[in-house]
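Q: Here it is, the structure, as structure tokens.
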Amino acid sequence: MGNCCASPAVGSGKEAKQKKKQNPFSIEYNKAPAHGHKVTVLKDPTGREIHERYDLGRELGRGEFGITYLCTDKATGDALACKSISKKKLRTTVDIEDVRREVEIMRHLPNHPNIVSLQDTYEDDSAVHLVMELCEGGELFDRIVARGHYTERAAAEITRTIVEVVQACHRHGVMHRDLKPENFLFANKKETSLLKVIDFGLSVMFKPGERFTEIVGSPYYMAPEVLKRNYGPEVDVWSAGVILFILLCGVPPFWAETEQGIAQAIIRSVIDFRRDPWPMVSDNAKDLVRRMLDPDPSRRLTAQQVLEHPFLLNAKKASNVNLGETVRARLQQFTVMNKFKKMALRVIAEHLSVEEVAGIKEMFQLMDVNNNGKITLEELKSGLHKIGQNIPDPDVQILMEAADVDGNGTLDYGEFVAVSIHLRKIENDVHLQRAFSYFDQNKTGYIEIEELRDSLNDELGMNNEEVLRSIIHDVDTDRDGRISYDEFTTMMKAGTDWRKASRQYSRERFNSLSLKLMKDGSLQVAMGAR
């Protein structure tokens, strides 16, 4: 659910000082802890008063639920990271369960050199504090870009580390479900630093043969069976395969300009090895990519089989020839563009208010005729008619099935939010205008390269004009050298990566996506197994 590692906080200065507003995506009707009620999150925390043992220093990063601080052990002087999660942010029982589960999983997993360790947990009346190993060596792709020389051998060694983490998790009954480059950071800035997985916020415990239906994760790295709502631990191998593909060529294997297009590409699972630098990549590397990205999870390699593949077994003998500047440039552009969009989405999220969801609550109460906190299909049909949404009955049925995640035939408020957001398009121009204004510092109506450089300075780590110009070029469709509001909104609605989703947000986003695919007739199995 967050980052234990040193990454720049977005929105420093004036923006950071503004009071954060509540995010309506995380409000669950009738399930939010009562005001003033002392909520207990952790089952067995180390203690209550974190300041008795640790000093909290500067802010390292900021996420949806918490702020990560530099943390010093008073007794030993050791530098650690402390993720402090405000209980005011834990608006629903689902949010509380997510934090509790994340802690339980981190405690359950064995000590592993490539898994960030949880040191202590504290809980007081206002917050939960997770004291963890500090990782300050930067993100995986950033290190690759900074190195300047990148080879198959490096890709093999990184992939082996990632798959060893997957194997350790699976052996202990943990499915990660959100493997992506952003969740792998280096412990320190040394060339020999260990790479560590740092986030178990979407992870879950599983038993052999158990299947899952909840759509979670990040789109580029999501296995086809996740979209079909019938999956097991094999999804982690798929995600690792996507990372390997990106490591070898600089772009994701399944890409499109829209969310719908990404999902369709994932379902088709057609891998293109014609584009540079694939002709110079070894057959062993391409064979491993194919087998990790097999759309049939029963045929896909297990973590153990991946580690036994010749490409990883002989990692130290893999080609040490530079894959070329093109790969490195693509990686940098890919990761910086994602950060640009994520920064904009965070601005939007921070400005969403409870007022914006008031209509959703009112709509739910209107449709919930017997006031039992559930909406049946008939109530949904009748309610949509009352509010002037003339949707054909078959489409209402599809809408109901898309949002009814637990498959009980009714919608609770959390599920209803998905429907209402789809109908009301809550991410409207007002929200996008706020995000645009964040970057348009001189208020000219355009984002110019100087403003982009200022906004992304921490993400770039240096004044890299080539990357900045590439971003401008990709977004600037009229080629006037700057980004207009219309061009910005097109980028925000296109298929680059979006913010790390909470479980609720991810569910809403992809329920809506699956609905679109169903209506197009292009993904008839999307709602199949539950």
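Q: How would you classify the stretch 74-193 from its alpha-carbon gyration tensor, with a ≥ b ≥ c the square roots of the eigenvalues: rounded for a/c under 1.5, else prolate if a/b is greater than b/c, otherwise oblate?
A: It comes out prolate by the Cα gyration axes.
Q: If we count every other residue with Cβ under 14 angstrom of Gly173's Cβ, Lys/Arg +1 and Asp/Glu -1, where does the sum land?
A: Neighbourhood net charge equals +2.
Q: If the viscosity is 1.002 mPa s and the temperature 20 °C, what translational diffusion coefficient in µm²/s does Stokes-Einstein give for the stretch 222-293 when Rh comes from Kirkwood over Cα pairs?
A: Approximately 169 µm²/s, per Stokes-Einstein.
Q: So what's the Cα pair-distance distribution over the stretch 140-323, bin width 10 Å, in %?
A: 9, 39, 38, 13, 1
Q: Same structure, new question: Would you mind putting 98-105, 447-454 in packing order, based on average other-beta-carbon counts within 10 Å, highest first?
A: Packing proxy ranking, top to bottom: 98-105, 447-454.
Q: Could you list Arg275, Arg91, Arg479, Arg290 so that the one with the fewest beta carbons within 10 Å of its beta carbon is first and the one with the most is last?
A: Ranked by crowding around the Cβ, least crowded first: Arg479, Arg275, Arg290, Arg91.
Q: Still on this structure: Return Thr121, Thr68 ranked ascending by Cβ neighbour count within 10 Å, so the fewest neighbours appear first.
A: Thr121, Thr68
Q: Follow-up question, since we're still on this one. Ranked highest first by the average count of other Cβ atoms within 10 Å around their residues, in what order do 172-183, 38-49 fall?
A: 172-183, 38-49
Q: Also, quick follow-up: Amide H neighbours of Leu134 under 5 Å, at least 5 residues apart or on other chains, H built in the peptide plane: list them.
A: Ala81
The numbers here are math on the coordinates, done by the rules we state, and not lab data. Computed from a predicted structure; not experimentally measured. Positions of Cβ are backbone-derived with ideal geometry, glycine not excepted, and every protein chain shown enters the neighbour counts.
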